[in-house]
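One structure below.
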Amino acid sequence: MKVLVVGGGGREHALVHKLSQSPKVEKIYCAPGNAGISYLAECVDIKVGDIEKFKEFVIKNNIDLTVVGPEMPLVQGIVDEFERKGLKIFGPNKKAASIEGSKYFAKQFLSKYNIPTGRFKAFDKYQEALKFLKETWYPVVIKADGLAQGKGVFIVKDFIEAKEVLDLVMKKRIFGTSGDIIVVEEMLFGKEASVFAFVDGKNILPMVTAMDYKKIYEKDEGPNTGGMGSIAPNPCIDKETLDEIIENILKPVVKALQKEGIVYKGVLYTGLMLTKEGPKVVEFNARFGDPETQVVLPLLKTDLVEIIEATLEGKVDKVQIEWEDKKAVCAVIASSGYPGEYKTGFEIKGLENIKEAFVYHAGTTLKEGKIVTSGGRVLGITATGNSYEEAREKVYREIQKINFEGMYYRKDIGIVSQV
Ligand code: AMP
Ligand code: GLY
C-alpha cells in the first residue's frame, strides 16, 4: 500500500521509520518531511495546514492511508474532509481533536465526568479574570484556550506575574483568537508522564509509557521547550500506577467521549501529573507526542499498519500488541538559542558515522547535497538497551560524532536517579 505521513518533525521521522518496516507498505510519501525522512520517503512540498492540497495529492496518487502527525490539521478538520471523500486517514476528527484544540473544552469534559484533574476556572472577560486572579491563591497555571504552538501555558507565582500574562493574552492578544478564553488551573505537583493509547471509538490499546524532558537546561531548569529528550518506559510508572491510569483515567475518558457522541479514532495522548493523591490529567493531545514517539515506536514490535487498520475498523481490542523488553533514550540536539531565537542553515557533519543509535531528524533540510539545520530542535538521537544506562551511554557516545555550529543538548537525559 501507499502511505502519506503529514508533518516534518522528529515524530514524523519516527512514524515513517516504523511504517517503512511494515511488510504491507510499498511506498511512503511525507509532506513536508525533512532531510532524514527523505531517505525513507518521498518528500512532498505541501504545507501542514493545506488540507485541500492534501486531498488532491492523495486522490491523484492513489494513496491508501494518510497518517497525521501534528495537531493543527486535526483541529482544522483534515479527518472530516478526508472522510467526506471516502479517503482513509488516521487521526481524530475535528470535534474529537478539540480535546487538544480547546483547553476549556478538555477541562469541562474532565470535570463533568469526574476524571482526576486539577481544579480550574475559565474566563472570556478580562475584568472577571483579573478579579479572580486578585483573590486566588498562588502559584496557578494560566493557559490560553486554543492552540498556541506549545507556548500558551504560564506558571505564575503571584498576582503581578498573573496580570502580565493576562495582559499579553487578553489585551495584546499575542495568541490571537486562541486567547479569547483563558483557563486558570490549580498547580499540580509531582512527576510528569506521557501515556499514549490507540483509541478506536470504544476500545483503548495503551502504548509503552514515556517521559518528556520539557525544560531547556539540565536538572529541569530554564524555560519550557517542545521537549529536549525522552525515555520509555516511564520509570515513575509501576504496574499498579499504570493500572490506576487505565482504570481511573483512560477507560473513563473513552466512555465519556462516547457519551458525548464523540467518535475518537486515533492516538490519545494523556499528559499526567503523578501527584500524592494519584495520577491526574494535565492535558490531552490528539496525536503522538514529540519527542516521546522517538522512544515509544522503536520499542514497538507489532506492525504499526496493522494497529492503525484495527483502530480505524473499531477492532483495536483484537490486536495482540508486542513491545521490546528494553529501555529507550532519546536526546534532542537543538540550535543554540532555542527555545528563543536561533540561526539556521548550518551544515550538520558526522551523521554517517552513527552506528549504535538512530538519528531522527526534526529541523533539517537538504541544501546542495548537504544536510543543514532548519529549525530549533534539529535531531533526536535514540538508542535502546537492556537498561536506561546502557541506552544512554550509546546515545551520548554517538552524539560526540555529530557536529554543527551552535549545537546544544542536555547531558542528563536518561539518568533515572535524577528524575
Ligand atoms: P500543557 O500544554 O497543558 O501540557 O502544559 C505544558 C506544561 O506545563 C505541562 O507539561 C506541565 O509541565 C506544565 N503544566 C501545565 N498545567 C499544569 C498544572 N496544572 N500544574 C502543573 N504544571 C502544569
Ligand atoms: N512532548 C510534548 C508534546 O508533544 O506535546
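Readers should treat all values here as calculations from the given coordinates under stated rules, not as data from a laboratory. Just so you know, these numbers come straight off a predicted model, no measurement behind them. Please note: Cβ atoms are built from the backbone with ideal geometry, for glycine as well, and neighbour counts cover all protein chains shown.
Averaged over residues, the count of other Cβ atoms within 10 Å places the peptides 100-113, 12-25 in the sequence 12-25, 100-113, highest first. Using the rule -39500 (n - 2.57) for each DSSP H run of four or more residues, divided by the residues of the chain, the 222 nm mean residue ellipticity is -7500 deg cm²/dmol. Would you give the gap between the C-alpha center of the range 61-105 and the C-alpha center of the range 334-389, rounded to a whole Å? Spelled out, the Cα-based centre of one part sits 28 Å from the other. Each other residue within a Cβ distance under 10 Å of GLY118 adds +1 if Lys or Arg and -1 if Asp or Glu, for a net charge of +1. Our coupling estimate for the range 324-334, obtained by passing each phi through the Karplus curve with A = 6.51, B = -1.76, C = 1.60 and θ = phi - 60°, is 5, 7, 9, 10, 10, 10, 10, 10, 8, 9, 10 Hz, Gly and Pro reported as x.
Shown here are the Rg and Dmax of the Cα trace of the range 95-194, at 13.0, 36 Å. Projecting the Cα atoms of ILE413, GLY91, PHE120 onto the charge dipole of the chain (Cβ charges, centred on the Cα centre) puts PHE120 farthest toward the positive pole. For the chain, the alpha carbon convex hull comes to 140 Å³ per residue, rounded to a whole number.
Based on C-alpha pairs under 8 angstrom that are at least 6 apart in sequence, the chain has a relative contact order of 16 percent.
Over all other residues within a Cβ to Cβ distance under 13 Å of GLN400, the charged ones net out to +3, with Lys and Arg as +1 and Asp and Glu as -1. Neighbours of GLY152, meaning other residues whose beta-carbon lies under 11 angstrom from its beta-carbon, give a summed charge of +1 when Lys and Arg score +1 and Asp and Glu score -1.
Note on LYS202 and LYS219: the model spin-label points, each 7 Å out from Cα along the C-beta direction, lie 5.3 nm apart. Each part gets one Cα centre, and for the range 154-193 versus the range 1-31 those centres are 36 Å apart. Does anything in the range 233-274 have its amide N under 13 Å from the 7 Å Cα→Cβ label point of PHE189, and if so which residues? Counting only backbone N, you get no residues.
Highest GNM mean-square fluctuation among GLY261, GLY146, GLY77, for the chain modelled with Cα contacts below 10 Å: GLY261.
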